Amino acid sequence: NKPFRDIALGLAKRGVGVIRYDKRTFMYANDASTDTNGITVFDETINDAITALQFAKTMQGVDTNAVYLCGHSLGGMCAPYISAKATNIAGAIILAGSPRPLEDVILDQMKYLLGTDAESKKQLQVIEKRVKAAKSPTLTTNTSPETLPLNLPGNYWLSLREMLNPKHGQNVPQSVRFFIAQGECDYQVTTTDYKAWDTYWGNRKNITKKLYPTLNHLFMEGTGKSTPTEYQAEGHVADILLDDIATFITKK
């Protein structure tokens, strides 16, 4: 499955130009894994997204007053911060993003996936301990990754704390528009996260939200209980989402 390709081509067919690029952790995976300081979410996602938004404005044929960010999952989680730091963007599309701490989202995922047998309960206890470590006020860059969720270094979890600080959302200019989309069949990022945006944004205007009852985390059609195995079946991002994104961008 190639959801980002589907989105790029789908929007292009609907008259919206798209810049799509590989993340640093894909292009420079070896460098990232040997970084003794530990990669941060700024290195992984945010800095390049801000650069791409500015680069878009230099391209021939681009309406510089209508440059939008589209982020999925972690990218959606980063969207408010990016929107606060980027210069003069028109808006952002948050696809399956969450304003909640990533470690909480991960814990909910594992509770969903793990069974009720003794071994599963033991695994969950380990995960809960790691989540607690990520939240600890004593967390530092020297905290062992083996004690933290996903074996990611302390520096990464500290950067997530900074990125998710609600002050950044408050610093986004009121003129910036947001479209928040969520699949109801998504077990990775759920309707709990979708609803959490209401608290995050408060009374902010220019927010459009839509829940898609039959779509999963990749915004593809799913049937029955959502599980990781459904990602192994070929699918494509639903046209209804692509229509809604294009409409959001082109019909203000």
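The values are calculated or read from the model by the stated rules, or taken from the named source; none is laboratory data. These numbers were taken from a predicted model, which means no experiment stands behind them. Here the Cβ is made from the backbone with ideal geometry for all residues, glycine too, and neighbour counts use every protein chain on show. Note: accessible area is taken over every heavy atom of the protein model, side chains too, but ligands, DNA and RNA are not part of it. Shrake-Rupley method; radii C 1.70, N 1.55, O 1.52, S 1.80 Å.
Summary table below
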| read-out | value |
| --- | --- |
| For region 1-94, alpha-carbon Rg over 2.2 N^0.38 Å | 1.14 |
| Extreme residue, positive dipole direction of the chain, given options Y200, T51, Q109 (C-beta unit charges) | Y200 |
| Residue (of I249, N216, T227) at the positive-pole extreme of region 166-252, dipole from beta-carbon charges | I249 |
| Distance between modelled label sites at K129 and T191, nm, 7 Å Cα→Cβ extension | 3.5 |
| Protein-only accessible surface order, largest first, of H236, H72 at 1.4 Å | H236, H72 |
| On Cα atoms only, tilt of 118-135 relative to the major axis of the chain in degrees | 70 |
| Count of Lys pairs (Cα-Cα under 23 Å; at least 8 positions apart or interchain) in region 6-147 | 14 |
| Cα long-axis angle, helix 239-250 against the chain (0 to 90 degrees, to the nearest 10) | 60 |
| Lys, Arg +1 and Asp, Glu -1 on Cβ, resulting dipole of the chain about Cα centre, debye, nearest 20 | 780 |
| Nearest-20 debye value, region 1-121 charge dipole, Cβ charges on Lys, Arg, Asp, Glu | 580 |
| Relative contact order of region 72-147, pairs being alpha-carbon contacts under 8 Å that are 6 or more residues apart, as % | 24 |
| Relative contact order computed over region 1-129 (Cα-Cα under 8 Å; 6+ residues apart), in percent | 15 |
| Solvent-accessible ranking of V172, V62, largest area first, probe 1.4 Å | V62, V172 |
| Residue among P137, I82, N155 farthest towards the positive dipole end of region 81-162, charges placed on Cβ | P137 |
| Accessible surface of region 135-229, 1.4 Å probe, proportion on carbon and sulfur as whole % | 54 |
| Mean-position separation - Cα centroids, region 217-251 and region 163-194, in angstrom | 18 |
| Area of W157 that stays accessible when all protein chains are in place (1.4 Å probe, Å², to 10) | 0 |
| Per-pair calculated FRET efficiency, R0 = 35 Å: K13 and S175 via Cβ, rounded to 0.05 | 0.80 |
